[in-house]
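Chemist: For reference, the structure I am asking about is given below.
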Amino acid sequence: MTEWDRVRLDDPTDGVARITLTRADRANAQDYQMLSELNEAFDEAARNTEAKVIVLAAEGNHFSAGHDLNDRTDINDLATIGTQCHFDADGAEGYMAREAEMYVGLCWRWRNIPKPTIAQVQGKVIAGGLMLVWPMDMVVCSEDATFSDPVVAFGVNGHEYFTHPFEVGARLAKDMLFTGRAITAEEALRSGMVSRVVPRDELESETMKLATHIARRPMFGLTLAKQSVNNALDAMGMYTAIQSAFGLHHVGHNHNMRLYDSLVDPAGIQVIRDEA
Ligand code: ZN
């Protein structure tokens, strides 16, 4: 077992590595430190030759409330993984580089880990929370799970890893984004966004059952299957769509900066609270 401040990695059963978010007192809100620890945990799990499947779980009532708006982590203190740079540059440059590194860069990296990954999800998944669920290959959630990306209220298009149309289909993606509403586990299942919905008290056991079942197959077969599906998504334009939306996301941030001297529309938080 390896333990970080906000993340834990263990081996619950043969062939399975499990990463757990351990910031339950903050509903697993993600600061840069948590994302950096998560990346180290994914690397360790990926390099573990005993582990064929990686499960991403979370302690507490909620999988993740999204990005920590009070994040005080200095990105320059972290071991960055991409080739992004000039994080402290003025204007759009520095902030765009930080989001490219910590959000889109990490999500895309985890999405391409060459072994199956399963998100084990309970409670609320809000905005940045989806950015941990969607890069995973399969999603097992409990009946109480809900999924939302309300950040259009902040004057941007959605969260940074913009795969919404691929995850839930174009119609439901627009519904989620325009209204900011949370979709239920049942809607998520119907739209193909989650793989299984189970009772809350069976979430862990059902996820482990699925992971163990998958782990009986040869590693390289699983890797090739994953890569083939991902290649199909890429042929449909997934990576280009993410990059295109990321550019528009930063038009939103910079629009807000010009109007409000803030990356987000300050009125958005009240809109979201009123509808919660
Ligand atoms: Zn952003």
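Chemist: Which condition does Cys85 not pass, out of (1) hydrophobic (A, V, I, L, M, F, W, C); (2) more than 16 Å from the ligand (Cβ to nearest atom); (3) in contact (Cβ under 8 Å) with a residue 40 or more places away in the chain, if it passes all the others?
Modeler: Unmet for Cys85, out of (1) hydrophobic (A, V, I, L, M, F, W, C); (2) more than 16 Å from the ligand (Cβ to nearest atom); (3) in contact (Cβ under 8 Å) with a residue 40 or more places away in the chain: (3).
Chemist: In addition: Looking at (1) within 14 Å of the ligand (Cβ to nearest atom); (2) at pLDDT below 95; (3) among the β-branched types (Val, Ile, Thr), can you tell me which one Val104 breaks?
Modeler: Checking Val104 against (1) within 14 Å of the ligand (Cβ to nearest atom); (2) at pLDDT below 95; (3) among the β-branched types (Val, Ile, Thr), the one that fails is (2).
Chemist: May I ask you to list the residues in segment 166-188 that are of a type outside the set (D, E, K, R), in contact (Cβ under 8 Å) with a residue 12 or more places away in the chain and crowded, with 17+ Cβ neighbours inside 10 Å?
Modeler: The answer is Phe166, Val168, Leu172, Met176, Leu177, Gly180, Ala182, Ile183, Ala185, Ala188.
Chemist: A further question on this structure: If I filter segment 88-106 down to residues being among the hydrophobic types (A, V, I, L, M, F, W, C) and in contact (Cβ under 8 Å) with a residue 40 or more places away in the chain, which single residue comes out as nearest to Arg8 (Cα to Cα)?
Modeler: Leu106
Chemist: Now, a different point. Looking at segment 147-159, is at least one residue over 25 Å from Tyr95 (Cβ atoms) and either in contact with a Phe, Trp or Tyr (Cβ under 6 Å, 6 or more places away or on another chain) or open to solvent by less than 20 Å² (accessible area, probe 1.4 Å) (or both)?
Modeler: Looking through segment 147-159, at least one residue is over 25 Å from Tyr95 (Cβ atoms) and either in contact with a Phe, Trp or Tyr (Cβ under 6 Å, 6 or more places away or on another chain) or open to solvent by less than 20 Å² (accessible area, probe 1.4 Å) (or both).
Chemist: I'd like to check something: does segment 162-183 contain any residue that is closer than 22 Å to Arg18 by Cβ and either at pLDDT 95 or above or touching a strand residue (DSSP E or B) at 6+ places or on another chain (Cβ under 9 Å) (or both)?
Modeler: Looking for residues that are closer than 22 Å to Arg18 by Cβ and either at pLDDT 95 or above or touching a strand residue (DSSP E or B) at 6+ places or on another chain (Cβ under 9 Å) (or both), one finds none in segment 162-183, hence no.
Chemist: With the requirement that a residue be over 14 Å from Gln243 (Cβ atoms) and within 10 Å of the ligand (Cβ to nearest atom), what does segment 92-101 give you?
Modeler: Result: Tyr95, Arg98.
Chemist: Out of the helices (runs of 4 or more DSSP H) lying entirely within segment 163-251, which hold 2 or more residues that are under 18 Å from Met136 (Cα atoms)?
Modeler: Fully inside segment 163-251 and qualifying: 164-168, 185-190, 203-215, 219-235.
Chemist: Any residue in segment 238-253 that is more than 15 Å from Val156 (Cα to Cα) and within 11 Å of the ligand (Cβ to nearest atom) sitting within a Cβ distance under 7 Å of a residue that is at pLDDT below 95 and part of a helix (DSSP H, G or I)? List the pairs, counting only those 6 or more apart or interchain.
Modeler: none
Chemist: Now a separate question. Residues Val7, Val104: which one is under 28 Å from Asp234 (Cα atoms) and either touching a Pro at 6+ places or on another chain (Cβ under 8 Å) or among the hydrophobic types (A, V, I, L, M, F, W, C) (or both)?
Modeler: Val104
The values are calculated or read from the model by the stated rules, or taken from the named source; none is laboratory data. Just so we're clear, the structure is a prediction, and the values are computed from it rather than from any experiment. Quick reminder, even Gly has a Cβ in these numbers, built from the backbone with ideal geometry, and neighbours come from all protein chains shown. Surface areas here come from the heavy atoms of the whole protein model, side chains and all, with no ligands, DNA or RNA. Shrake-Rupley method; radii C 1.70, N 1.55, O 1.52, S 1.80 Å.
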